[in-house]
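A.B. asks: Just passing along the structure, written as structure tokens.
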Amino acid sequence: MRWRSFVAVGDSFTEGMDDAYPDGTYRGWADLVATRLAAEAGPDFRYANLAIRGRLFPNVVAEQVPAAVAMKPDLISFAAGGNDVLRRTFDPNALVARFDDVVGELRSTGADLVLFRFADLMARLPGQRLVAPRIALLNKAVGETAERHGAILVDLYADDTYLNPMLWSTDRLHLSPAGHRRVAGQVLAALGVGCDEEWLMVPPYPAPTPWLAARAADLRWAGQHLMPWVKRRLTGRSSGDTITAKRPSLTPIGD
């Protein structure tokens, strides 16, 4: 095992929402990957997760990237930009240019770097005509940047399994526990490390919902998830304003 340390950088995707531990904190794919790598590497393996929900790309770069570089890990994961594509002020050219710079900086440390092309989640969300082209642009840039800098690419967008709603939480934006397990399995496969085969198993598609029940579910979703999100946008707040990184320093898995 060539990795003795792993630092995960990003937003809610990497923090682990909505895959909750019993204490209410989140596990997610990165914790699962770290646990598997630790089992291979032994007790000296160390793991940090700097990701915080709601963080925009510039915040991730300014706050988490320097910390990750300073830790000098063997392996880094970087996933950011998903929150930015949902914003009215999204500047694709600026983000793509900065993305390449950041990947170059992370790779210059000598660490192996994992990047992601984001899964397609817009089929169940409003704003598809506006947001879907932005996601496609970001995914294209990620793929090209990974190839240019020799990063390890995990292509979730190419996996149609993520069209299964059972891989997503009730907010339709974050992964379910089953979704996180599948991402963890795909990351480990990209790293050449075996994992529990159950992580890659996909729940059956739910039975078709009658039209009236589906519209009622849409209304409940809008009230519980969409409207609070809109309110935060209007008031300049973020879901991560009071949140700190769950593993801010490199420590053994059991710590």
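The values are calculated or read from the model by the stated rules, or taken from the named source; none is laboratory data. Since the model is a prediction, treat every value here as computed from it, not as a measurement. FYI the Cβ positions are ideal-geometry reconstructions off the backbone, even for glycines, and counts take in every protein chain you see. What goes into the accessible areas is simple: the full protein's heavy atoms, side chains included, and nothing from ligands, DNA or RNA. Shrake-Rupley method; radii C 1.70, N 1.55, O 1.52, S 1.80 Å.
A.B. asks: Tally time: how many residues in the stretch 198-219 are open to solvent by 70 Å² or more (accessible area, probe 1.4 Å), modelled with pLDDT under 85 and assigned to a helix (DSSP H, G or I)?
C.D. replies: Selection size over the stretch 198-219: 4.
A.B. asks: Could you grab me the full set of residues in the stretch 158-190 that are part of a helix (DSSP H, G or I) and over 26 Å from S239 (Cα atoms)? Reasoning before the result, please.
C.D. replies: Taking the stretch 158-190 as the starting set, the residues that turn out to be part of a helix (DSSP H, G or I) are 160-163, 165-167, 177-190.
Residues satisfying the conditions are D160, T161, G185, Q186, V187, L188, A189, A190.
A.B. asks: Yes or no: R134 part of a helix (DSSP H, G or I), touching a residue at least 24 places away in the same chain (Cβ under 8 Å), under 21 Å from L86 (Cα atoms) and open to solvent by 30 Å² or more (accessible area, probe 1.4 Å)?
C.D. replies: Values: part of a helix (DSSP H, G or I): yes; touching a residue at least 24 places away in the same chain (Cβ under 8 Å): yes; under 21 Å from L86 (Cα atoms): yes; open to solvent by 30 Å² or more (accessible area, probe 1.4 Å): yes.
It is true that R134 is part of a helix (DSSP H, G or I), touching a residue at least 24 places away in the same chain (Cβ under 8 Å), under 21 Å from L86 (Cα atoms) and open to solvent by 30 Å² or more (accessible area, probe 1.4 Å).
A.B. asks: Output the residues belonging to the stretch 56-80 that are within 20 Å of G150 (Cβ to Cβ) and among the small types (G, A, S).
C.D. replies: A68, S77, A79, A80
A.B. asks: Right, something else. Out of curiosity, is R129 among the basic types (K, R), under 30 Å from A41 (Cα atoms) and not in a loop (DSSP other than H, G, I, E, B)? Explain how you work it out, then say what you get.
C.D. replies: Working: among the basic types (K, R): yes; under 30 Å from A41 (Cα atoms): no; not in a loop (DSSP other than H, G, I, E, B): yes.
Answer is no for this residue.
A.B. asks: What's the total number of residues in the stretch 137-174 that are closer than 30 Å to S108 by Cβ, open to solvent by 40 Å² or more (accessible area, probe 1.4 Å) and in contact (Cβ under 8 Å) with a residue 24 or more places away in the chain?
C.D. replies: Summing the residues that are closer than 30 Å to S108 by Cβ, open to solvent by 40 Å² or more (accessible area, probe 1.4 Å) and in contact (Cβ under 8 Å) with a residue 24 or more places away in the chain in the stretch 137-174 gives 8.
A.B. asks: Go through the stretch 29-46 residue by residue and tally those that are within 23 Å of Q186 (Cβ to Cβ), of a type outside the set (S, T, N, Q) and out of contact with any Leu (no Cβ under 7 Å at 6 or more places or on another chain).
C.D. replies: Matching residues across the stretch 29-46 total 10.
A.B. asks: May I ask you to say which residue of A222, A151 is modelled with pLDDT of 90 or more and under 26 Å from F57 (Cα atoms)? Please lay out each step first, then the result.
C.D. replies: Working: A222 fails: modelled with pLDDT of 90 or more.
The conditions single out A151.
A.B. asks: Would you please name the residue that is nearest to E40 (Cα to Cα), looking only at residues in the stretch 183-197 that are at pLDDT 90 or above and open to solvent by 60 Å² or more (accessible area, probe 1.4 Å)? Step through it out loud before you land on a result.
C.D. replies: Kept after step one, since they are at pLDDT 90 or above, are these residues of the stretch 183-197: 183-193.
Remaining after also requiring open to solvent by 60 Å² or more (accessible area, probe 1.4 Å): 189, 192.
Numbers: A189: 14, G192: 12 Å.
Applying the filter and picking the extreme gives G192.
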